[in-house]
Structure formats: C-alpha cells, structure tokens
Amino acid sequence: MNLRLYDTAARSVRDFEPLQPGRASIYLCGATVQAPPHVGHIRSGLAFDILRRWLQASGYDVTFVRNVTDIDDKILQRGTDEGIPFWQVAMRNERAFTWAYDQLGCLPPTYEPRATGHVPEMVELMQRLIDAGHAYPADGDVYFDVRSLPEYGALSGQRLDDMQPAADSDAQIKRDPRDFALWKSAKPGEPQWHTPWGPGRPGWHLECSAMASRYLGPAFDIHGGGMDLLFPHHENEIAQSKAAGDSFAQYWMHNAWVTTSGEKMSKSLGNSLLVSEVVQRVRPVELRYYLGSAHYRSMLEFSDEAMSEAAAGYRRIEGFVRRAEESLGMPESVPVPDAFAAAMNDDLGVPQALAVVHDTVRVGNAALAADELVGAREARDEVVAMLDVLGLNPYAPPWAAQSDDGAARRALGPLVDVVLAQRAAARDRKDFAVADALRDGLAASGIVVEDTPAGPRWSLAEEI
RNA sequence: GGUGGAGUGGCCGAGAGGCGAGGCAAGGGACUGCAAAUCCCUCUACACGGGUUCAAAUCCCGUCUCCACCUCCA
C-alpha cells in the first residue's frame with residue numbers, strides 16, 4: 001500500500017505521487033515571529049515532522065523548508081512599543097521557536113529562510129505579476145488583482161462575491177476591496193527596502209511564494225500549514241504563484257488546531273499555553289506524544305488531565321523498552337510492522353499506528369514475563385522502530401541525552417546500593433517494617449524501587 | 001450572508017455498512033511478605049428524530065448543539 005494524503009485542494013485523500021521518484025519536497029509555513037510559541041504552533045511543526053519522518057522511513061529523500069516570517073505589522077508594533085528594532089523582536093522570538101522545536105524533537109529543516117533575506121526574490125515576483133497583468137502598483141503599495149485570476153478562491157472553496165467585504169481603509173486605492181497587498185509602502189520610521197515602486201516592505205503572503213520557489217523550484221510536492229492559514233494566506237500564495245506561471249504545490253495539507261475549553265488557542269484570545277510553560281509540567285517527549293496522539297486533522301482539546309493520561313501511556317511504552325534492554329541489550333534496526341505502515345500510509349493515521357505500538361508492547365511484556373527472549377526481542381525492536389518514525393525513540397536524540405541521567409546515576413548508584421543491601425538484609429530476616437521504611441525513604445527522594453525475580457531495580461521518578 | 005469542521009463509553013481518542021481500535025481510569029483475578037511493574041478478565045458508546053437495508057456509529061432526510069475561517073492567526 002502506498003502513501004495516501006488528504007489534499008485540501010482536492011478535498012479528498014489522494015495517492016502521493018512525487019514529482020521526482022524517490023524525492024519529496026515540502027514547504028511548511030512556519031512562524032510569524034511575533035511572540036514565543038504556544039502548543040498550537042508546535043503541533044503544526046510536529047505534524048509535519050511526523051510526515052517528514054515517515055517519508056524518510058519510506059525511502060524518500062526529503063527536502064523540508066520551513067520559513068520564518070520575520071517582519072509584519074505586529075512585529076513592527078512590538079518593536080516600537082519596546083523601543084527596540086523590529087529585528088530584535090523577531091530574533092528573540094525566532095530563538096524561542098527554535099528552542100521549542102528542538103525541545104519537542106522536531107528535526108531541523110533542510111532550509112529555514114527568513115522573509116527579510118528574500119526581498120530581491122519578492123521584487124522579481126512582483127515584476128512578473130505586474131507584467132502579466134495580475135498586480136498593480138498604487139501609491140507605493142503593490143496589490144494583487146484578485147479579479148484577474150478566475151480560480152481565485154478555489155483552494156478555500158470560496159467565491160469572491162460571497163466574501164464579506166473587507167473593512168479596509170485603503171479600499172479607495174484598490175481596484176477591488178479583496179485585492180491584497182503584495183508590498184506596503186514604508187510609513188515614516190518603518191523599515192524599508194528600495195523597489196521600482198518606491199521604498200517599502202513586504203506584505204504578508206508574498207514571502208512564502210518567493211521563498212518556496214527559491215528553494216524548491218516553481219513546482220514542488222507538498223505545502224503545509226495550519227488550517228487557519230487556508231484563507232487568506234494560502235489562497236493568496238497560490239494566487240501569486242499560479243498567476244506568475246508557477247505550478248507550485250501539488251498537495252496542500254492542513255493541520256487542525258489545539259483548543260482549550262472548546263476554543264481555538266490563540267495569541268489574540270490570550271488563552272495560549274506557552275511551550276516553555278508546559279514543559280515544566282510534563283517531559284517534552286511526553287508533550288510530543290500527547291500532541292501527536294490525535295490525528296493531525298482533528299482538533300485537539302488541550303487539558304492537563306488528558307496530557308497526564310498521555311504521559312502515562314508513553315511511560316508504559318518507555319518502561320517496556322527500558323526493561324527489555326536489561327535482558328536484551330540495545331535494539332537492532334528492523335522494519336516497522338505492516339499494520340503500522342498501513343496506518344501511517346493512510347493519511348498519517350498516527351492514532352491507529354499507536355494502537356499497533358501498544359499492542360506490540362503488550363505482546364512484548366508478556367514475552368518478557370514468560371522469559372521468551374526471542375519474542376521479546378522481536379517486539380522490542382519493532383516498538384523502537386515505530387517510535388523512531390514518530391520521533392519518540394528514547395534512544396534517539398534529543399531524548400537519549402535528556403533521559404540519560406548518567407552523572408546522577410553514577411553518583412547515586414553506590415549510595416542506593418547500600419540502602420538496597422540494608423533492605424535486602426531486613427527482608428531476609430522478615431523485618432518488613434524496616435524494609436518498607438527504607439524503600440519509602442528512597443521514594444521520598446525520588447528513587448523508585450521495584451522488586452523483580454532478578455532482584456530490585458531502581459529508577460529516578462519521572463513525576464514532577 | 002458565504003465556506004468548512006465537530007458531537008462516540010467515567011475521560012481522551014480512532015473507525016466510516018456486519019466481526020466492539022488503542023490509551024487512561026475503575027472493578028475482579030494471577031504474581032508479590034507488602035507494594036510497584038506486568039499479564040488475564042470485566043463494565044460503560046456512537047447528539048436527537050425519521051428513513052434505506054437482512055444488517056447503520058457508519059448511507060439518506062430533517063433537527064439541535066458547538067467550533068472555525070471570510071484579509072492578525074499554527
């Protein structure tokens with residue numbers, strides 16, 4: 001079974017057929033770096049990280065571009081408010097995004113272009129659009145003429161005449177109120193670049209068209225982003241690029257948002273949960289598991305309770321892998337089970353894929369309990385292979401480094417061994433009160449002791 | 001007004017005509033000095049009203065509720 005993906009433009013699931021066999025090119029709309037990221041932003045990065053990993057695991061050579069839009073009205077406003085250059089605001093928030101992507105184990109993009117670094121490409125694109133009669137300069141602005149493109153609105157399924165007229169003050173200088181700005185003339189004090197139409201700065205949509213074609217060419221495979229970018233951002237991107245003669249994206253994918261109390265998480269609603277805050281309450285790998293556990297096109301209602309449940313689910317998987325390592329050593333690379341591959345090939349069916357993981361964990365646990373090492377090894381290696389596709393492999397970066405409390409374990413080990421020896425002596429003489437007190441004492445220090453047929457095992461508690 | 005999405009058991013969350021995904025929680029059992037972990041078993045579903053069908057959570061008609069987008073948004 002081949003990979004099938006839901007294409008927003010076709011409103012249906014389609015077989016994925018790359019432009020070049022064995023290669024896949026993806027452009028993901030990244031952050032407009034106005035503020036630090038909340039979990040909704042990172043869900044988008046995560047959903048497409050899983051797509052990318054699955055394509056790579058399926059043998060594709062993936063080129064993954066995720067842009068940074070480092071100039072827009074809010075960034076400029078914030079710079080003004082704080083009395084600092086806009087680029088300082090942008091850089092600060094870009095670092096916060098990078099940190100969050102890294103925390104959640106999202107692979108770095110192949111290229112990560114910034115809007116302000118691609119003004120020449122934007123100017124060239126605008127010139128092509130003007131020459132083709134799809135854009136026009138007006139008072140130092142440059143607008144896209146939506147009426148010049150009959151298919152405008154097709155991606156989002158809207159007809160121009162049904163749209164609410166924009167409450168836009170510059171309506172006088174536009175040919176149609178729904179024409180959108182490719183380029184904005186510089187107001188006093190604003191940053192500016194020189195163009196044939198006067199000094200100004202980029203509009204919101206132009207940068208993605210310019211950068212996508214710069215790094216992926218006039219035609220590429222997949223364009224991704226949040227559902228809320230469908231209109232206007234992606235509609236305008238497709239309009240710019242198609243009007244300029246590019247074939248642009250062959251597939252459009254959109255992830256659903258994260259909600260709290262039934263409402264979309266949003267900076268403007270003030271109900272957003274910063275990634276930096278959430279990872280104080282739960283390990284980053286557990287947050288990744290939680291955000292990835294719902295299908296990418298389903299809304300995810302965020303709650304601490306649901307996140308804790310998800311964390312418990314991940315620890316069950318992780319516990320199996322760690323316990324298996326004690327008797328089996330490190331895992332070997334094996335193919336993922338067919339059921340897992342089938343789930344992933346069906347428009348990234350991570351929920352069903354996770355069901356396969358859990359089923360395999362149960363089989364593996366039973367094999368371990370029965371001392372059937374062959375079966376346990378098979379299950380363990382498959383589980384690790386599946387976790388790897390999902391970016392949850394505890395042996396892979398960044399989790400390996402984070403969960404390897406090497407220094408702490410080396411320092412604590414001899415001390416814990418002393419206490420465990422005392423406890424063993426107490427148990428031998430049936431003095432269970434003392435034995436339990438010793439175990440409780442360790443537990444109070446965050447050291448969990450479990451008895452196994454091979455003797456006690458200790459670990460550092462994950463609960464914070 | 002236009003467009004799109006959602007309503008599933010105590011909770012999260014899949015599925016899209018027939019054999020009840022999975023997880024978390026709960027109860028029972030096995031194991032254990034006790035616990036933990038693990039395994040086995042068990043319970044509770046498809047918003048509402050009609051219809052089609054041998055068979056509907058799934059298809060059709062209608063209704064209700066909720067959410068999102070329509071030039072700030074992942």
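Checking a compactness column here: for region A:405-460, what do you get for Rg(Cα) / (2.2 N^0.38 Å), N being the number of residues?
On the way: Rg = 11.1 Å, N = 56, 2.2 N^0.38 = 10.2 Å.
Cα Rg divided by the expected 2.2 N^0.38 Å: 1.09.
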Cα pair distances of region A:4-255 binned at 10 Å [whole percent]: 7, 30, 36, 22, 5, 0
Take region A:303-402, compute every pairwise Cα distance, and split them into 5 Å bins from 0; I just need the percent in each bin. 3, 13, 24, 25, 19, 12, 4, 1
In degrees between 0 and 90, to the nearest 10, how far off the longest principal axis of chain A does helix A:373-390 point, with axes built from Cα atoms? 20 degrees
Return the whole-Å distance between the Cα centroid of region A:339-373 and the Cα centroid of region A:413-461. 33 Å
The long-range amide H neighbours of A:Gly203, using H built 1.01 Å from N in the peptide plane and a cut-off of under 5 Å, are A:Trp183, A:Lys184
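With all protein chains present, how much of the accessible area of chain A (probe radius 1.4 Å) comes from carbon and sulfur, to the nearest whole percent? Could the numbers behind the result be given before it?
Numbers: 10840 of 20910 Å².
That share works out to 52 percent.
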For region A:303-402, calculate the relative contact order in percent as a whole number, restricting contacts to Cα pairs under 8 Å that are 6 or more residues apart. 29 percent
Over region A:140-235, what is the relative contact order in whole percent, taking alpha-carbon pairs under 8 Å and six or more residues apart? 32 percent
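Find how much the distance from A:Arg175 to A:Asp417 grows on full extension, using 0.36 nm per residue of separation minus their present alpha carbon separation; answer in nm with one decimal.
Extra length from A:Arg175 to A:Asp417 when fully extended: 79.2 nm.
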Given R₀ = 30 Å, FRET efficiency for A:Phe231-A:Ala312 by Cβ-Cβ distance, to 0.05? 0.20
R0 of 30 Å, Cβ-Cβ distance A:Asp359-A:Ser261: FRET efficiency to nearest 0.05: 0.35
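How do A:260-266, A:141-147 rank on mean C-beta neighbours within 10 Å, highest first? List each step's numbers first, then the result.
Values: A:260-266: 14.4, A:141-147: 21.9.
Packing order, densest peptide first, comes out as A:141-147, A:260-266.
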Plugging the Cβ-Cβ distance of A:Arg409 and A:Arg92 into 1/(1 + (r/R0)^6) at R0 = 51 Å yields, to the nearest 0.05, a FRET efficiency of 0.90
Can you tell me the accessible area per residue over chain A, all protein chains present, probe 1.4 angstrom, in square angstrom? 45 Å²
Tail beyond 38 Å, pair distance distribution of chain A (Cα, percent): 34 percent
So if each residue of separation counts as 0.36 nm, and I subtract the Cα-Cα distance between A:Ala132 and A:Met299, what length gain in nm does that give? 56.1 nm
How would you rank A:431-444, A:113-126, highest first, on the average number of other Cβ atoms within 10 Å across their residues? A:113-126, A:431-444
What percentages, rounded to whole numbers, describe P(r) for region A:323-464 computed over all alpha carbon pairs with 5 Å bin width beginning at zero? 2, 9, 14, 16, 15, 15, 12, 8, 5, 3, 1, 0
Scoring region A:1-81 by relative contact order with C-alpha pairs under 8 Å, at least six apart, yields a percentage of 35 percent
Stretched out fully, how many nm does the piece from A:Arg429 to A:Asp451 gain, at 0.36 nm a residue minus the Cα gap? 6.2 nm
Chain A - share of DSSP beta bridges that are antiparallel (%, nearest 5): 50 percent
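The values are calculated or read from the model by the stated rules, or taken from the named source; none is laboratory data. Note that the structure is predicted; figures quoted are calculated from it, not measured. We place every Cβ from the backbone using ideal geometry, glycine too, and count neighbours over all the protein chains shown. Just so you know, the surface numbers come from the protein's heavy atoms only, side chains and all, with ligands and any DNA or RNA stripped out. Shrake-Rupley method; radii C 1.70, N 1.55, O 1.52, S 1.80 Å.
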